[in-house]
Amino acid sequence: MPDYTLRIRRYSPENGDAAHWEDFQVDLDGSRSVLDGVLQAKDREDGSIGIRCSCRAGICGSCGVRINGKPNLACRTHLDEAHARAADGVIVVEPMGNMPVLKDLIVDMDAVHWKKIQRVTPWLLPDGPPPEREYVVPPDNMIDVTQTMACIQCGACVSDCLSMEVDPLFIGPAALAKAYRFVGDPRDGHQEQRVRDLAEDPHGLYDCTHCFNCIEACPKGVAPMSQIMRLRRIAGDDHHVEDRNNGHRHEMAFVKNIEKNGLLHEADLLPDSYGGKLHPRAVPELVSSLPIILRALQRGKVTPAGALLHKHKAPKDVKRIFRDIEGREERYELNLYVAGEEEDAS
Amino acid sequence: MVRAMPAHDVLIIGAGLAGQRAALAAARQGATVAIMSKVHPVRSHSNAAAGGINAALNPDDSWESHAFDTIKGSDYLGDQDAIEIMCREAPDEVLWLEHAGVTFHRNAEGKLGTRAFGGASAARTYYIADITGQALLHVLYEQLMKHHEQIDRYEEWFITDLAQDDDGRCVGAIARNIRDGAMELFSAKSTILASGGAGQCFKPSTNALICTGDGMAQAYRIGAPLMDMEMVQYHPTTLAGVGILITEGARGEGAHLYNADGERFMEKYAPNKLELASRDVVSRAEQTEINEGRGFEDGTVALDITKVPRKRTLEALREIVNIGRDFAGVDITREPIRIRPGCHYIMGGVKADIHGRTAVDGLYAAGEVACVSVHGGNRLGANSLLDTLIFGRRSGEHAAKRAAGLGKPKPVRAQLHDSERAIGAIMRRTGGRRVSEIREELGTMMNEKVAVFRDHEGLTDAHSIVRRLKDEAKNATIDDHGTVFNQDVLGALELGYMLDVAECIVVGALERKESRGAQFRTDFPKRDDEHWLKHILESRNGDDTPQVSYSPVTITQWEPQERTY
Ligand SMILES: Cc1cc2nc3c(=O)[nH]c(=O)nc-3n(C[C@H](O)[C@H](O)[C@H](O)COP(=O)(O)OP(=O)(O)OC[C@H]3O[C@@H](n4cnc5c(N)ncnc54)[C@H](O)[C@@H]3O)c2cc1C
Ligand code: SF4
Ligand code: SF4
Ligand code: FES
C-alpha cells in the first residue's frame, strides 16, 4: 500500500512547548481519508494526537481542519487528492483558523462559532399558536431553506472568513446562513425584525467582503455568501433597509452587466463591485443568488454557468432568460436541493 | 474546599434525538434539567439518519397498519403494547417537530409529503431530503438553545459511571470534563440514559466512532439487565471497507439490487416486496448470493440507483450522491454502486418499560441504548428516529414527574474518587497491548463470527475471544497522560464498555437457539415460537459470563404468523 506523510501541527497547553510540526508515515490506500490517516497515526504511534471526529462520513461536522492550507473535513478528503495538492508531497494538517486552538487539531468552537450562532436568535419564532395540523407552505420554500439546514456547523467557513480575520466581531458566514434559515422560512413571523437587526449591526450583513472563501470552504454546498446576499436583498427590496456598503447596488450592476453583455465582463465589475476579486468558480454561485431565477433555467438545456460563461452562447439567449425571469412574480432561487444542473444538450 | 455539587431534577446522559427530546419534555414539566454529551450535541450519531421518520399521519393510513408492519418486521419479538403507543403517538410527534421548525419535505399542495420505505405497507416516511436525522437534531438543538434557562448543557463531558445511593437507587452520574480533565459528581433525582448504540463493537459498521455502548455497559454494571442483545441489524446497503451507509431511501425511491450475473435476485427471496422487504430478509438474500459465488470479487452486490430519475436523485438523495463520490468514487446517478450488508443498529439494549423506566430505581433509558422493545428481532427503517423521540419524550415527562415528588438525593462522594482512581490507574499502565489493537481485533472478530449467519461453533469461539480480550484490556496501555482533551484515556474506557456489550451480544446469540429477525442460526434455521417467543435478559454476574433469564413478549391483538414479503 502506498505511504503518505502527514505533517500534523501539534500543540498542547500542558507541556509548555510551542506549537510545532510532527511528521507521521501512514500506509493506507489513496482512496482513504486524511482522517483515516490521522487515526492510523494515533492508533499506531501516538495516541495523544488530538482531533475531533465521529461519523467518518462528512455528516457530523466534527473533523474540520486545514489540509494543505485549505479548510475541509478530514474525513471527506482523500489521501491521494491531498497528496496531489501537497507542496512537496507532504500532506499538511493543521487546526482551523479564526478560532483559538485548544490542543493539536482541536479548536474552541464554543468561543467563536457557537457564540455567533447564538447571536442570530437561532430558533423559529412563529406568529401565534401553531395550526392544528402542519403549516401549509410552498414546497419550494422548504427545499430552499433546506440548503441552509444542510449546514453541519463544521466551522470550515468561519476558519477562512476574511472579514472575520479583520473584524473578529463579524457575525460570520455560518451564523448568517443560519439566519437565512429562519428568514427564508415562511413559518417564521419575525422576518423583518431579524433582517433589520442583522443589517443594523455594524458587524452584521454588510460586514462581508465577498471574498468567496466560505463558498469554497463549505463541504456541504451551503454557500454562506449567497445566503448573505439574499439576506441583503431581502433587507433592501422588502424592508428598504439602507445598505451600508452599497453592496446591493453593486449586485444590481452585476446583473445589468450580464444582461447587457450576455457574459460577464469582469473588467466592468472589478473596480467597484466585488472588491477586485472574482473567482471564476464562484460565478455559478453568484448567478444562483440572482434575485429572480426562472424555472426554465433549471429545466432548460443549459447550466447557468454554461449560459453565462461559454462564449458560443449568444447574448440573445441570455436576454431571453432575463426577460423571462423578470416577468415572474415569485422570487425563485437556485438551490442545491433543486436539480439546477440538467444535462448539457451536446 | 469542597465545590458545590451540580444538582438537577433530571440528568440526561446523551444529546442525540432521544436525549434532546427528553430534555425538552422534562423542562416543559417544570423540572431543572442537565443534558450531557461526550461530543457537541449536533455531532451525536442521530445526525447520520438519512431516510426519514415513520408516522401514520396521512388520513388514508392508520396506526394499526403501522403497528402491524412494525410487529411483523420485528418477527413478533416486539412488545405490542409499546408498539401501539409508539404508532399511535407518532402523528402528533411529527406535527410537534414540524411546529418546532423542522423543514419537512412538502408535497405539491404544501403539506407534508412522504416516501416509501422497507417493510411498510404504506408510504408513511416523512423526511427532509436525505438529511432527516441531521435536520431533526439541529432543530431540536435550536430548541435547546431557546430553553437555555431551564436546560443546562454540558457539552463535551464524558460520563464514566452512574452514581448510586446506599439503597442502590440511581442518583446521577460521574463525568469527566473533556476540555480540562476535571471529574465531577452530578446529583439528580432522575437520570435518563440516552447514550445511543454500540455499533463500534463491529468493524466495519455504519455507526460513528462514538457509538461504543457506554450507557448499556454503565447500566449493566449497576444491575440493570440488558435485553435482546443478540438482535444486531445488518443493513443491506453499506459500502465495502469503510462501512458507510447508503440509505434505504435509495430503494424507497426505486433503486434495484443485482448480483454479479445481472440478476435482480430479490425476485427469488421476496417476490412481492422485492428490494423493500425487511432489512434482515434483504441482508440475508445478499449474503446468500455472495456466499454462493454470485457476488462480485470484492464480496459485494450492486445497488443500481440509475433507475431513479436523475433529477429526483439530485433532489432527494443528495447526500448519497456525495457519499458515492467521496467514499466510493462512483457517480450514483450514472452507474451502480457496490454494497454489502453491514452492522448498523442494535435492537437490544437496557430493558425499559413504556415510560422508559429500567430495573434500577431512578434510572431511565430511551433511544438506541434502550430496549422497550419496539423493534424486537428486526427494526424497520425510519422507526428508530420515531422510537428515540416518542420514548425520549415519555421518559423526560415521567422522570420529571417522579422527581417532583422526591427529596434531595444522596449520592456517595466516594464513588467520584473511585472513578478518578480508575482513570489514574489506566494512565499508569505499562507493558500491555495498545487499546487500539484490542478494539480492532474485537470489531473484526465480531463481524466475522457474529454477523448475518451465525452458528454454535463460531459463537463459542467468539465468546472465548471476547473473554481473552477482556483480560488483555485490563492491562491495555495508552500514550496520553494529560488532562486536556485526553481522548486516549476515554478510548480505554470505551473499550471496556464495548467488551461488556460484545459479550452480551455473543451470549445472547448463543442462547437463542432459533432463527428470528436479525438472528439467523445456520444450526437452527427455523423460527421456534414454542420455545423462543420470549426476550432474553442478561444481568451482570460479577466478572463472570452474564446471567441469563427470560421475559415474555407482550401480545395484544396480533398473533404470530408466518412472515413473508
Ligand atoms: C448511518 C445511519 C443511518 C440511519 N438512518 C435512520 C433513518 O433513516 N431512520 C431512522 O429511524 N433511524 C435511522 N438510523 C438509526 C438512528 O439514527 C439511531 O438509532 C438514533 O438516531 C439513535 O439516537 P439516540 O438519541 O438514541 O442516540 P445518539 O444520537 O447516538 O446519541 C447518543 C448520545 O449519547 C452521548 N454519549 C454516549 N456515550 C456517552 C458518555 N459516555 N458520556 C456522555 N455522553 C455520551 C453521545 O455524545 C450522543 O450525544 C440510522 C443510523 C445510522 C448509523
Ligand atoms: S464571503 Fe463574506 S462571509 Fe464569506 S468568507 Fe468572505 S467575508 Fe466571510
Ligand atoms: S456553512 Fe458550510 S462550512 Fe460553514 S459551518 Fe456550515 S457546513 Fe460548515
Ligand atoms: S468525522 Fe464527522 S464530519 Fe468528519
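Laboratory data are not the source of any read-out in this text; all were calculated from the coordinates shown. These numbers were taken from a predicted model, which means no experiment stands behind them. Note that we place each Cβ from the backbone using ideal geometry, even for glycine, and neighbour counts take in every protein chain shown.
Computed over neighbours whose Cβ is under 11 Å from that of residue B:98, the net charge equals +1, Lys and Arg +1, Asp and Glu -1. Set the Förster radius R0 to 25 Å, insert the Cβ-Cβ distance between residue A:17 and residue A:84 as r into 1/(1 + (r/R0)^6), and round the FRET efficiency to 0.05. With a Förster radius of 25 Å, E is 0.20. When shorter helices are ignored and each DSSP H run of at least 4 residues is given -39500 (n - 2.57), the per-residue value for chain B at 222 nm works out to -11000 deg cm²/dmol. Compared with the direct C-alpha span, the chain from residue A:31 to residue A:193 gains 53.6 nm at full extension, assuming 0.36 nm per residue.
Look at the dipole of chain B built from charges on Cβ: of B:332, B:118, B:450, the Cα furthest out on the positive end belongs to B:332.
For chain B, a crude dipole built from +1 on the beta carbon of Lys and Arg and -1 on the beta carbon of Asp and Glu, taken about the Cα centre, is about 900 debye to the nearest 20. Each residue of segment B:339-354 is assigned a 3J(HN,Hα), and the resulting list reads 9, 7, x, x, 4, 9, 7, 10, 5, x, x, 5, 4, 9, 8, 5 Hz, derived from the Karplus form 6.51 cos²θ - 1.76 cosθ + 1.60 (θ = phi - 60°), x at Gly and Pro. Of the trypsin sites (Lys or Arg not before Pro) found in segment B:475-565, the ones in coil according to DSSP and having at most 15 other Cβ atoms within 10 Å of their Cβ are B:513, B:526.
Spin-label model, residue B:240/residue B:28: points 7 Å from Cα along the beta carbon direction are separated by 4.7 nm.
The modelled label-to-label distance for the pair residue B:531/residue B:444, using points 7 Å beyond Cα in the direction of Cβ, is 3.5 nm. Peptide A:135-142 has a mean shielding of 6, counted as Cβ atoms of other protein chains within 10 Å of each residue's Cβ. Rg/Rh, computed from the Cα trace of segment B:209-268 with Rh as the Kirkwood radius, has the value 1.16.
With a ≥ b ≥ c the root eigenvalues of the C-alpha gyration tensor of segment B:60-168, is it rounded (a/c under 1.5), prolate (a/b larger than b/c) or oblate?
Details: a/c = 2.46, a/b = 1.28, b/c = 1.92.
Verdict is oblate for segment B:60-168.
If R0 is 60 Å, the Cβ-Cβ spacing of residue B:408 and residue B:291 corresponds to a FRET efficiency of close to 0.50. Legend: mean number of C-beta atoms from other chains within 10 angstrom of residue C-beta atoms, peptide B:41-48, equals 5. Counts of other chain beta carbons within 10 angstrom of each beta carbon in peptide B:311-321 average 4.
Sorting the segments A:130-139, B:7-16 by their mean number of nearby beta carbons within 10 angstrom, highest to lowest, gives B:7-16, A:130-139. Put a dot 7 Å past the Cα of residue B:334, heading toward its Cβ, do the same for residue B:556, and the two dots end up 5.2 nm apart. Charge tally around residue A:154: other residues with Cβ under 11 Å, Lys/Arg +1 each, Asp/Glu -1 each, net +4.
Within segment B:399-425, list the residues whose amide N lies under 14 Å from a label point set 7 Å along Cα→Cβ of residue B:180. From segment B:399-425, the list is empty. Cβ under 10 Å from residue B:129's Cβ, residue B:129 left aside: what net charge do those residues give with Lys, Arg +1 and Asp, Glu -1? So the surrounding residues net to -2. Between residue B:548 and residue B:361, the contour length at 0.36 nm per residue exceeds the Cα-Cα span by 65.2 nm.
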